[in-house]
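The values are calculated or read from the model by the stated rules, or taken from the named source; none is laboratory data. Please read all numbers here as calculations on a predicted model, not as lab measurements. Here the Cβ is made from the backbone with ideal geometry for all residues, glycine too, and neighbour counts use every protein chain on show.
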Amino acid sequence: MVMRTLATVALLVLTASHANAQWMKKPNPSVPRTRAGEADLAAPAPKGPSGRPDLSGVWVADTEPVPPEAGPSVEGDVGLPRYFINVAADLEPGDVPLRPWAAELLEKRLASDGRDDPVARCKPTGVPEILSVPLPYKIVQTSELIVILYEENSVFRQIFLDGREPVADPEPRSLGYSRGRWDGAELVVETTGFSDQHWLDGMGHPLTTKLKVTERYRRVDAGHLEIRVTIDDPGAYTRPFGYTIKSTLVPSEDLLEYFCTDNEKDAQHYQ
């Protein structure tokens, strides 16, 4: 059932999965090289002029084999990031802190085989799901602003480090409104102001406008990034829960434009 829910999303991913390989190879100068000329992903994490870790670079979420219990799918043996499928993957089924209405809605979405998935209709992917989409994203870091450019649908996200207050009575957005601060070597990002029209993952875990997502970014070394995600949505869940997304640096490639709507032919079948 889970993989049928993700069928359309996976087809979009497969369509775009080789797009970033079209750029001519251009090594990232901030990443040390081995004697053989390969990027040394285990080298120490680079630091910026302030002495803080530099998160800049092109990254992609790590994938893993799809579990057999998910059943057959159109994408075959292609791996997917764990939390792209299910944000509650680390919890036992009975431990997922869904409120009754949210549990009922999740079951309805699973039974629909993904026909109600906004992503399947080329709608924007929201936070936190966009963090684990299996397409590259690029972090651009400055002293007062971090910009994340996502290859999926060529959208961007701004994380403000200038101490601004949360947006009062915000217009709901898929990516919300993000503020960041440094806690030692970790970048802490708090995002609120979400629309409830997207899903937390491919399974269809719901959210409400009360959602607050906290991310803690840690560059483990030159080639590996960890993002600890905490979902706090008292409207849909009885308590906060979280997980850690691991990403790997793409050291010699860059992003290309990609839009789900290009050559889209599925929506007519969702009537």
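Observations on the model:
- If only residues of the range 75-118 that are in contact with an Asp or Glu (Cβ under 9 Å, 6 or more places away or on another chain), among the basic types (Lys, Arg) and over 17 Å from GLY242 (Cα atoms) are counted, the one that is surrounded by the most Cβ atoms within 10 Å (Cβ to Cβ) is ARG109.
- Filter result for ARG228 (at pLDDT 95 or above and farther than 22 Å from LEU98 by Cβ): no
- From the list GLU190, GLU152, the one residue that fits, being surrounded by 13 or more Cβ atoms within 10 Å (Cβ to Cβ), of a type in the set (Asp, Glu), touching a residue at least 40 places away in the same chain (Cβ under 8 Å) and within 30 Å of ASP117 (Cβ to Cβ), is GLU152.
- Among the residues making up the range 168-207, those that are in a strand (DSSP E or B) and over 29 Å from ARG52 (Cα atoms) are ARG173, PHE194.
- The listed residues are ARG179, ARG157, and the only one of them that is in contact with a Phe, Trp or Tyr (Cβ under 6 Å, 6 or more places away or on another chain) and either among the charged types (D, E, K, R) or modelled with pLDDT of 95 or more (or both) turns out to be ARG179.
- Residue satisfying all of: in the range 208-239; touching a residue at least 40 places away in the same chain (Cβ under 8 Å) and assigned to a loop (DSSP other than H, G, I, E, B); surrounded by the fewest Cβ atoms within 10 Å (Cβ to Cβ) among these: ARG239
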